[in-house]
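The values are calculated or read from the model by the stated rules, or taken from the named source; none is laboratory data. Computed from a prediction, not measured in an experiment: that's the story for all the values here. With ideal geometry, Cβ positions are generated from the backbone for all residues, glycine too; neighbour counts draw on all protein chains shown. Each accessible area value is taken on the protein alone, full model and side chains, heavy atoms only, with ligands, DNA and RNA left out. Shrake-Rupley method; radii C 1.70, N 1.55, O 1.52, S 1.80 Å.
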Amino acid sequence: MSESRSKLLGAILYPGFELLDVFGPLEMFGNLPGMVEVKMVAQRKGPVASAQGPQVVADYGFDDCPPLDLILVPGGNGTRDEVENPVTLRWLAQRVATAEVAMTVCTGTALYARAGLLDGRRATTNKMFFQWVADQGPKVQWIKEARWVEDGKFFTSSGVSAGTDMALAVIKRLAGEDISNNLAIATEYEWHRDANWDPFAKVHGLV
């Protein structure tokens, strides 16, 4: 990772986002001072209620958000509404085009799929809601059994906790395996390093 400037990561919030989808990955990225700067972004700046209730304050709205190097889109119950929100889909399409890495967790993959960003690419999502997400992107090559999937600059992960494994994989790509390993150890997190490890696909009858 370049030491000339920190990379700006925008975590995208919307009403009904999943808390761990956001804060699992940000626990890892947020422990890279000088390398990654984390900001919260929503359609409008200010507090945004999560699916679990607690609100998170968005630093920027879509209209004043600076250029982002890294984008993280969480899942959550709110994705059902956001896939029908043309403002969000249009903004994501514009910003992902210029980002270095574009990540999704859980059903957040539905937003990239609905925006056409994953057409022709490999991707995965939460196994409990797999078919609903897959229906949002019929031109996507959906991978039913995967903890996360990497395709170019796109990283898509399975349900909720899988986002943290994906985040460490992204950090490994950007900053090296030593840093990813050190983060996992420091946070006492058991990192599933195998992107194909996915017992939940079997639980939900996908394989």
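GNM on the chain, alpha-carbon springs under 10 angstrom: the most fluctuating residue among 87, 36, 160 is 87.
Near residue 37, the amide H atoms lying under 5 Å from its own belong to 7, 8, 9; only residues 5 or more places off or on other chains count, and H is placed 1.01 Å from N. Computed from label points 7 Å out along Cα-Cβ, the spacing between residue 178 and residue 31 is 1.7 nm.
Which pairs, out of 139/202; 127/153; 39/144; 45/153; 39/202; 7/144, put more than 29 Å between their alpha-carbon atoms? Violating the 29 Å Cα-Cα cut-off are 39/144; 39/202; 7/144.
Using a probe of 1.4 angstrom, how much of the accessible area of the stretch 25-97 is carbon and sulfur, in percent? Result for the stretch 25-97: 49 percent of the exposed heavy-atom area is carbon or sulfur. Rolling a 1.4 Å probe over the heavy atoms of the protein chains gives the chain an accessible area of 44 Å² per residue. Spin-label model, residue 100/residue 23: points 7 Å from Cα along the beta carbon direction are separated by 2.7 nm.
Which value, in debye to the nearest 20, describes the size of the charge dipole of the chain about its Cα centre when Lys and Arg Cβ atoms bear +1, Asp and Glu Cβ atoms bear -1, and nothing else is charged? Can you show the working numbers first?
Working: 20 positive and 25 negative charges, 98 e Å.
In total the dipole reaches around 460 debye.
Within the full protein context, the accessible area of residue 204 is estimated at about 80 Å² for a probe radius of 1.4 Å. If you take Cα extents along the principal axes in Å from the coordinates, which of [x] 56, 34, 31; [y] 44, 37, 33; [z] 40, 38, 30 do you get? Given [x] 56, 34, 31; [y] 44, 37, 33; [z] 40, 38, 30, the structure-derived one carries the label [y].
So between residue 153 and residue 190, what do we pick up on full extension, going 0.36 nm a residue minus the alpha carbon distance?
Taking residue 153 through residue 190 to full extension adds about 10.8 nm, to one decimal.
With both residues required to sit in the stretch 22-164, DSSP beta bridges show an antiparallel share near 40%. Per residue of the chain, the DSSP helices (runs of n ≥ 4 H) give a summed -39500 (n - 2.57) that works out to -9000 deg cm²/dmol at 222 nm.
Sorted by accessible area with a 1.4 angstrom probe, largest first, how do 81, 194 fall?
81, 194
Packing-based ranking of 104-111, 170-177 yields 104-111, 170-177, ordered from highest to lowest mean Cβ neighbour count within 10 Å. Across the options 182, 112, 197, the greatest Cα extent toward the positive end of the charge dipole of the chain (unit charges at beta carbon of Lys, Arg, Asp, Glu) belongs to 112. Above 19 angstrom, tally the Cα pairs of the stretch 1-79 and express them as a % of all pairs, no decimals. Counting every Cα pair in the stretch 1-79, those more than 19 Å apart make up 34 percent.
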